[in-house]
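This report refers to the structure that appears directly beneath it.
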Amino acid sequence: MTSGSTPPAGPAGSAAARSVTVRVPAKVNVQLAVGPPRPDGFHDLANVFLAVGLYDEVTATAADELRVTVSGPDAAAVPTDTSNLAARAAQLLAARHGREPHVHLHIAKDIPVAGGMAGGSADGAGALLACDALWGTRTGTDELLRICAELGSDVPFSLVGGAALGRGRGEQLTALAAKGPLYWVFAVADGGLSTPEVYGEFDRLAADRAVPDPDPSPAVLDALGSGDPTALAAALAAIAGGNDLQPAALSLRPSLAGTLAAGTAAGALAALVSGSGPTCAFLAPDEPAATEIATALETSGTCRKARVAQAPAPGASVVS
């Protein structure tokens with residue numbers, strides 16, 4: 001994070017702590033500009049992140065071994081082995097401090113699973129902060145962000161929250177001004193979409209054209225800074241919705257077009273696939289309109305459920 005960023009909230013903890021709970025938000029990609037594939041297989045991005053008020057909670061408890069459990073919606077779809085970013089976060093932090101990663105991590109899920117809202121990344125960031133507080137290791141913010149970047153492209157933003165521009169793979173963050181409240185509605189689809197598959201489809205669809213280097217829209221950044229939902233919607237319309245991965249997600253999941261249309265018909269100012277999908281995000285004029293849009297989406301038959309959330313939201317923070 002560049003200078004002037006806000007470190008993760010919450011106490012540093014102590015070695016005597018027996019249990020620490022961290023709350024960590026979901027995100028929406030207000031703009032996701034994707035460049036051509038790099039030699040390492042990743043894509044350079046201009047990723048305008050906005051944290052939204054849907055949260056997972058990660059509780060770290062002293063234990064004799066590393067263990068992960070999960071509760072909440074779609075918990076059965078979340079891995080509990082070391083492929084889970086929460087487990088990997090504990091391992092990386094422990095290795096930094098020369099200790100064993102002995103901890104029980106319980107994830108209370110409320111962020112949609114495999115929905116393009118960085119739920120797995122949120123859990124990694126939450127576990128990192130929770131373990132640091134539990135173990136009393138007092139890791140500096142810069143080092144926490146380096147570990148986050150090792151875990152995944154979206155994990156650093158999950159730690160800091162608010163609004164930020166992500167460069168590189170998305171892990172190189174610059175804080176952005178963002179006023180609120182902005183009200184969003186998220187239509188949760190049945191099943192997930194694989195992020196690597198969506199990027200692969202992006203490459204296939206772009207095979208016959210030159211993909212420009214990614215840059216954020218100045219109008220989008222200005223609208224975020226003003227907190228004006230109408231201005232933000234106009235800025236997104238000027239860049240065809242703002243998500244370069246949306247055509248690929250729609251190609252793999254054509255039914256998402258019906259979800260986007262239903263939310264637009266219900267009064268959304270802007271409609272876009274969130275990240276790599278399949279969750280669809282709708283910008284509402286205000287909170288009452290957001291509630292109406294969510295109700296319309298749930299009765300449309302085009303999604304499994306709809307959630308209302310306010311933005312911007314704080315990053316990972318110790319809550320108990």
> Under the condition of being in contact with a Gly (Cβ under 8 Å, 6 or more places away or on another chain) and farther than 19 Å from Ala231 by Cα, which residue from segment 275-292 is surrounded by the fewest Cβ atoms within 10 Å (Cβ to Cβ)?
Replying inline: Glu292
> Is one or more of the residues making up segment 198-217 of a type in the set (Ser, Thr, Tyr), over 26 Å from Ala284 (Cα atoms) and in the same structural domain as Arg253 (by TED's automatic domain parsing)?
Replying inline: yes
> modelled with pLDDT of 95 or more, crowded, with 16+ Cβ neighbours inside 10 Å and not assigned by TED's automatic domain parsing to the domain that holds Asp222: does that describe Pro25?
Replying inline: yes
>> Only one of Arg23, Arg67, Arg38 is within 30 Å of Ala210 (Cα to Cα) and basic (Lys, Arg). Can you tell me which?
In response: Arg38
> Applying the selection to segment 108-132, what residues are surrounded by fewer than 24 Cβ atoms within 10 Å (Cβ to Cβ) and over 13 Å from the mean Cα position of the chain (by Cα)?
Replying inline: Ala108, Lys109
> Looking at Ser153, Ser121, which one is closer than 23 Å to Val198 by Cα, modelled with pLDDT under 95 and polar (S, T, N, Q)?
Replying inline: Ser153
> Between residues in segment 261-272 that are under 13 Å from Ala289 (Cβ atoms) and residues that are of a type in the set (D, E, K, R), which pairs lie under 8 Å by C-beta distance while being six or more apart or on different chains?
Replying inline: Ala266/Glu292; Gly267/Glu292
> Of all residues in segment 67-91, how many are closer than 22 Å to Glu150 by Cβ and under 21 Å from the mean Cα position of the chain (by Cα)?
Replying inline: 13
> Given the residues Ser153, Ser158, which is the only one that is buried (at least 21 other Cβ atoms within 10 Å of the Cβ) and touching an Asp or Glu at 6+ places or on another chain (Cβ under 6 Å)?
Replying inline: Ser153
> From the list Leu54, Leu93, Leu85, which residue is touching a Gly at 6+ places or on another chain (Cβ under 8 Å), at pLDDT 90 or above and surrounded by 21 or more Cβ atoms within 10 Å (Cβ to Cβ)?
Replying inline: Leu85
> Which numbered condition trips up Ala268, out of (1) outside any helix (DSSP H, G or I); (2) of a type outside the set (Asp, Glu); (3) surrounded by fewer than 22 Cβ atoms within 10 Å (Cβ to Cβ); (4) over 20 Å from the mean Cα position of the chain (by Cα)?
Replying inline: (3)
> What single numbered condition from (1) surrounded by 14 or more Cβ atoms within 10 Å (Cβ to Cβ); (2) in the same structural domain as His43 (by TED's automatic domain parsing) fails to hold for Asp142?
Replying inline: (1)
> Are any residues in segment 234-248 free of Cβ contacts under 8 Å to residues at least 60 places away in the same chain and in a helix (DSSP H, G or I), and if so, which ones?
Replying inline: Ala234, Ala235, Ala237, Ala238, Gln246, Pro247, Ala248
>> So, in segment 170-216, how many residues would count as being assigned to a helix (DSSP H, G or I) and either crowded, with 20+ Cβ neighbours inside 10 Å or modelled with pLDDT of 90 or more (or both)?
In response: 10
> Name the residues in segment 44-73 that are within 30 Å of Pro229 (Cβ to Cβ) and without any contact (Cβ under 8 Å) to a residue 40 or more places away in the chain, would you?
Replying inline: Gly72
>> Going residue by residue through segment 66-77, is there one that turns out to be surrounded by 20 or more Cβ atoms within 10 Å (Cβ to Cβ) and of a type in the set (Asp, Glu)?
In response: no
> Leu32: touching a residue at least 24 places away in the same chain (Cβ under 8 Å) and closer than 14 Å to Gly170 by Cβ, yes or no?
Replying inline: yes
> What pairs come up if the first residue lies in segment 94-117 and is touching a residue at least 24 places away in the same chain (Cβ under 8 Å) and in a loop (DSSP other than H, G, I, E, B), the second is crowded, with 20+ Cβ neighbours inside 10 Å and among the aromatic types (Phe, Trp, Tyr), and their beta carbons are under 6 Å apart, counting only those six or more places apart or on different chains?
Replying inline: Asp110/Tyr55
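The values are calculated or read from the model by the stated rules, or taken from the named source; none is laboratory data. The structure displayed is predicted, hence computed values, not measured ones. Positions of Cβ are generated from backbone atoms using ideal geometry, with glycine treated the same way; all protein chains shown enter the neighbour counts.
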